[in-house]
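Encoded as structure tokens, the structure appears first; notes follow it.
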Amino acid sequence: VFTGANLELDAIAANGDLRFAYDRPTPLLDAALTIPVLDLNPYLPKAEADQSPAGAPTEWSDAPLDLSVLALFDAELDAEVGELRFNDVVVTDAQLDATLSDGRLSATLPGFGLYGGRGSASLVANSRSTVPSYSFQGRLETLQAQPFLDAAAGFDRLRGIGTLTLDVTGSGESPAAIMNGLQGQGQFDFAEGAIVGVNLARVIRGVLTAVENRELPQGFGDTEETDFSA
């Protein structure tokens, strides 16, 4: 048992309580930690030089995912993460409750902040069967669309307050297999915002003139935008 321990892994620092139990068929790790900054980027696959630029579609990998680590031990984890970084996305004030048992990982984020909004999410990764299976549920409310979409997809042409929900399941031995068989549903809506880069009313008004003059209609440009209520 370690009480008030200070831990470091690469650039990740944490403090809290840990307990290791070896008097069982599978060792158990029980931990309650506080992690100021959890940067996952050093552990993500490196981007290839010839890959598509940020925001452009890329092919999913056919390389098998190695989930053997899930069967090495069981775990109960409660963590408070001040800042979680994944690619260019930054999640703040995250609570994490995770259970790992007999090769099945169940993780819940009951609350976190993301670009002005609040959300919750849950993830299951199950390696007990021959073909691993996954499920994800998430909800975000009052999300600032522009900074989020810019960080997540390199798309900065939409402003507004967004609500997103996602409930999906999948199975497969590689990212490509999982994505090709993904099932579920999702929904998003944005309110009180604008489409940046085009003034649709001005474009429509200038279509006839543009056809007569054989040129693009006016209404496009970085200073143009189309307001919308929803």
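Using only alpha carbon pairs under 8 Å that are at least six residues apart, calculate the relative contact order of the chain and give it in whole percent. Could you put the intermediate results ahead of the total?
Values: 530 pairs, mean separation 28.3, N = 230.
The value is 12 percent.
In units of 2.2 N^0.38 Å, what is the alpha-carbon radius of gyration of segment 189-230?
Normalised Cα radius of gyration, segment 189-230: 1.31.
Work out the FRET efficiency for residue 43 and residue 201 from their Cβ-Cβ distance, taking R0 = 45 Å, and round it to the nearest 0.05.
E between residue 43 and residue 201, to the nearest 0.05, is 0.40.
Rounded to whole Hz and in sequence order, give me ³J(HN,Hα) for segment 146-155 from the Karplus expression 6.51 cos²θ - 1.76 cosθ + 1.60, θ = phi - 60°, writing x for Gly and Pro.
5, x, 5, 5, 5, 6, 7, 9, x, 10
Please report the projected area of the chain's Cα convex hull averaged over all directions, in nm².
Spelled out: convex hull of the Cα atoms, projected over all directions, averaged, 16.5 nm².
How large is the charge dipole for segment 139-230, taken about the Cα centre, if only the Cβ atoms of Lys, Arg (+1) and Asp, Glu (-1) carry charge, to the nearest 20 debye?
180 debye
Read-outs throughout are calculated quantities, based only on the coordinates presented, and are distinct from any laboratory measurement. In this text the structure is predicted, and so the values were computed from the model without any measurement. In this analysis, Cβ positions are derived from the backbone assuming ideal geometry, glycine residues included, and neighbour counts consider all displayed protein chains.
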